[in-house]
1. For E85, project a label point 7 Å along Cα to C-beta. Then give me every residue of segment 164-180 with its amide nitrogen under 13 Å of that point.
2. Based on alpha-carbon positions alone, could you give the equivalent ellipsoid semi-axes of segment 30-104 from the gyration tensor, as √(5λ), descending, whole Å?
3. Can you tell me what the convex hull of the Cα atoms of segment 102-180 projects to on average, as an area in nm²?
Amino acid sequence: MKYIRYIASGVVLGLGVLVWAAFNNHDDPPAVGDQAPEFTLVSNEGTEVSLNEYRGQWVVLYFYPKDFTSGCTIQTRNFQRDMEEYVARGATILGVSVDDAETHASFCEKESLTFKLLADTEAAVSEAYGSVRGLSEVKMSARNTFVIDPEGKVAEVFLGVNPTPHSEDVLATLDRLQTS
């Protein structure tokens, strides 16, 4: 009987590891000091946006799971609420999820967003930033944020963020980074 419990424990542990691996990042995210992975994605406006267009500026690149969901809406509203603070710090906000450009356009219209949301429908950029969760057939972007400095290097990494205080955390980080 004791051996059956050990075998059952091993099976449960093995299944737990498989579930964890399926729902967590597939690649490691870039670290502070790394060159930010370049990309070109279609925006909510239907135009292509490349990270290199923002060289010389601070970029807040945030990944989120899905438009119109509660946590994502809170996070996005808070970035919009604090938009003047980001502008004052010379920072551009770019949101990325696996939703398509049309869904992003509807979300931007509903929430009166003035920053771009980018469609990563193949999850390639999310993967490059170690920000994918889900099974191979159903991928979503993980809730991670990368602050990219004017030279295109990752200056700060936020993994698994809490959407409610996140904008304030990013603003405080920008203040710290810009004064050092």
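1. Label zone hits: 164-176.
2. Result for segment 30-104: semi-axes of 20, 17, 13 Å.
3. Numbers: hull surface 26.2 nm².
Reported value for the Cα convex hull: 6.5 nm².
No lab work stands behind these numbers, since they all come straight from the coordinates. All of these numbers come straight from a predicted model, not from anything done at the bench. Reconstructed Cβ throughout: ideal geometry from the backbone, glycine too, with neighbour counts over all protein chains shown.
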